[in-house]
Amino acid sequence: MATTHLSAALLGLVCLGLAVCYEVLTLAAVMLWRIRRPSPRLSTRLPVTLLKPLCGAEPSLYEHLKSFCVQDYPEYQIVFGIRDAADPALEIVRRLIAAFPQLQIDVVVNPRLHGSNFKIGNLINMLERARHDVLIIADSDVFVSRDYLDCVTAPLRDPAVGLVTCVYEDVPTSGIWSRLGAMYINEWYVPTVLLAAMFGHRSYASGQTLALRRQTLDAIGGFGALTDHLADDYKLGELIRSQGLEIELSPTIVMAEHHEANLNSLTRHELRWMRTIRTLRPRSFPAIFLSFSLPLALCGLLLTAAEPGTLTLSWTLFEIALIARLGLHFAHRIGGTRSLFSDLWLLPLRDLLLTWIWLRSFFTSRISWRGGEFHVDADGIMHRSP
């Protein structure tokens with residue numbers, strides 16, 4: 001029995017040590033990114049086409065799209081793409097056209113499908129109207145600063161760079177579910193991206209911003225190479241890297257509004273994202289639990305409880321992990337408009353919910369997306385469910 005207790009305690013200390021290492025390194029990565037972000041390079045100032053696929057009129061859509069209409073950039077075109085003529089987003093686009101008559105704004109309303117991924121099908125329909133050779137794809141829920149186009153096109157001056165992308169910060173709408181959803185992005189997903197970047201990993205590509213040259217897109221087979229892929233942004237980056245080109249992380253941070261109507265909406269979205277990660281990283285996916293520092297540290301604390309001699313060390317490690325986790329919670333709020341402490345009480349619920357979603361993702365290959373149900377196979381290909 002004593003041997004069993006000792007083995008459990010040693011395992012518990014390992015869990016606590018891993019939780020501490022991960023959380024401290026991740027906090028360091030986030031802080032270094034914020035403190036030492038490189039200055040934006042000089043822009044190409046080449047004419048740019050912005051591709052904005054739309055589906056539905058989410059909260060604040062007009063304000064998000066307007067931020068792309070007031071760029072300090074000499075020449076750019078915006079192409080909005082909508083699949084359904086009855087989509088309420090179309091009326092918002094018409095308001096923008098009326099408010100900014102001097103801008104090159106084109107609207108494509110086309111229901112034609114090209115595969116399981118409706119967003120990529122929308123982009124294929126829109127590309128026919130693109131006038132310029134520098135393309136930027138940006139999601140509809142993004143709000144950007146006036147120098148956004150300058151920042152994200154600048155790295156394309158380097159012929160070795162094939163794709164430019166951005167990290168982003170989620171700003172929740174009111175409501176507990178939206179706030180929990182924003183915590184998923186701000187306190188787990190983006191920090192893991194920055195941790196990987198700190199160690200030189202360059203495969204991250206986010207649909208919030210994807211900037212590339214038209215010739216690069218043509219070289220990988222165009223958007224047609226992505227028509228059935230769940231993780232279309234990641235696949236785009238993978239294909240571009242296969243051409244010997246680099247992905248650059250822009251120093252600009254875009255803001256994305258996060259809206260979840262209820263718990264079902266929240267879990268459905270997060271299960272799709274977690275299922276996407278499982279598809280991309282099938283071998284390492286089980287090890288993601290190591291990034292859930294508080295649940296991991298709690299497991300370690302429970303395992304060491306039966307061995308009194310380890311209590312001091314185990315509690316010290318747990319406190320370090322907790323302090324670092326709190327640091328991650330506060331890091332993106334410093335200097336912002338949101339209260340530092342407003343969502344602090346949600347932190348345990350957020351981490352437990354994250355663990356539950358991760359566990360659920362092992363037992364399903366079905367996802368809900370854009371009102372449809374899909375089965376995702378081992379290659380990340382979506383198949384529409386009957």
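Per residue, the accessible area of the stretch 172-262 comes to 35 Å², computed with a 1.4 Å probe over protein heavy atoms only. Of the complete DSSP H runs in the chain, those spanning 30 angstrom or more by Cα along the long axis with a mean Kyte-Doolittle score not below -0.5 are 2-36.
Figure note: 239, 25 ranked by solvent-accessible area, largest first, 1.4 Å probe, ligands and nucleic acids not counted: 25, 239. Think of the chain as having a plus end and a minus end, set by charges on the Cβ of Lys, Arg, Asp and Glu; of 347, 12, 282, 282 sits farthest toward the positive end of this dipole. Summing charges over neighbours of residue 130, with a neighbour being any other residue whose Cβ is under 10 Å away from its Cβ, gives 0 when K and R count +1 and D and E count -1. Which residue, 171, 152, 134, has the largest displacement toward the positive end of the dipole of the stretch 111-175 when charges sit on each Cβ (Lys, Arg +1; Asp, Glu -1)? Of the listed residues, the answer is 134.
Report the net charge of residues surrounding residue 259, where surrounding means a beta-carbon distance below 12 angstrom and charges are Lys +1, Arg +1, Asp -1, Glu -1. Kindly include the intermediate steps, with their values, before the conclusion.
Details: positive: 179; negative: 58, 141, 170, 257, 260.
The answer is -4.
Over the chain, Cα pairs under 8 Å with separation of 6+ residues give a relative contact order of 24 percent.
For the set 362, 68, 318, solvent exposure ranked by accessible area (probe 1.4 Å, protein chains only) runs largest to smallest as 362, 318, 68.
The values are calculated or read from the model by the stated rules, or taken from the named source; none is laboratory data. This is a predicted model, so every value here is computed, not measured. Quick reminder, even Gly has a Cβ in these numbers, built from the backbone with ideal geometry, and neighbours come from all protein chains shown. Calculation scope for accessible area: heavy atoms of the full protein, side chains included, ligands and nucleic acids excluded. Shrake-Rupley method; radii C 1.70, N 1.55, O 1.52, S 1.80 Å.
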